[in-house]
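Values quoted throughout were computed directly from the atomic coordinates according to the rules given, and no laboratory measurement underlies them. The structure displayed is predicted, hence computed values, not measured ones. Every residue, glycine among them, receives a Cβ derived from its backbone with ideal geometry; neighbour counts consider all protein chains shown.
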There are 2 protein chains.
Amino acid sequence: MASSRTLVDDDRFRIVEWMIEPGDAIEMHTHPLDYAVLPLERAVMWAVLPDGEELEVRLTPGEAYTRAAGAAHRMENRGTARVVFTEVEAKAPTA
Amino acid sequence: MASSRTLVDDDRFRIVEWMIEPGDAIEMHTHPLDYAVLPLERAVMWAVLPDGEELEVRLTPGEAYTRAAGAAHRMENRGTARVVFTEVEAKAPTA
């Protein structure tokens, strides 16, 4: 099982730090909000989609990526290095 | 002068890594969007508001804070440790 720690959960953002040990996974889930991923340690994780498709996700500190709300996936750590990243979800319209 | 590096600037987020060396500052500016700050190194910076008010901001890796759009401030590094943080601005309505 992966573990998580909520840093902020206010009316603007939900910010969660995720940790997936080697061999563990974040079970299949869908993000209700657009989100950004900011890696804290160099590692590789695998996104497994509901249809079985698998996507390799390289995590590099100092880089980031974003995804739209609504995509379901399971995140697996098949490597030997732990996976640690901060996930930032945007809650409210701000523009 | 502070320096910055844009990690992502897409239709959902703008993610910028900021670095303020000791003695430097990010000049007075206003955020058009709600934003989150994720410190990468332990340091202290000072927010100087247009009316001269000064707020100490302690930056600790593994913590985060958020602010609403519209607040003007100048961010100063008066310490001896450099200030490094990632700033995440939320662009589009997502809920």
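Overview of values
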item	result
Among A:L40, A:L59, A:L49, residue whose mean-square fluctuation peaks in a GNM of chain A (springs only between Cα atoms under 10 Å)	A:L49
Cubic angstrom per residue, convex hull over Cα atoms of the protein assembly as shown	110 Å³
Length-normalised contact order of the stretch A:3-90 in % [C-alpha pairs under 8 Å, at least 6 apart]	43 percent
Spin-label proximity, A:E27 to the stretch A:53-95 - amide N less than 18 Å from point 7 Å beyond Cα toward beta carbon	A:72-77
Of A:D34, A:D24, A:D11, the one that fluctuates the most in a GNM where chain A has Cα springs shorter than 10 Å	A:D11
Solvent-free Debye scattering, log10 I(q)/I(0), computed from the Cα coordinates of chain B at q = 0.24, 0.25 Å⁻¹	-1.40, -1.48
The stretch B:1-60: GluC sites (Glu not before Pro) in DSSP loop, at most 15 other beta carbons within 10 Å	B:E41, B:E53
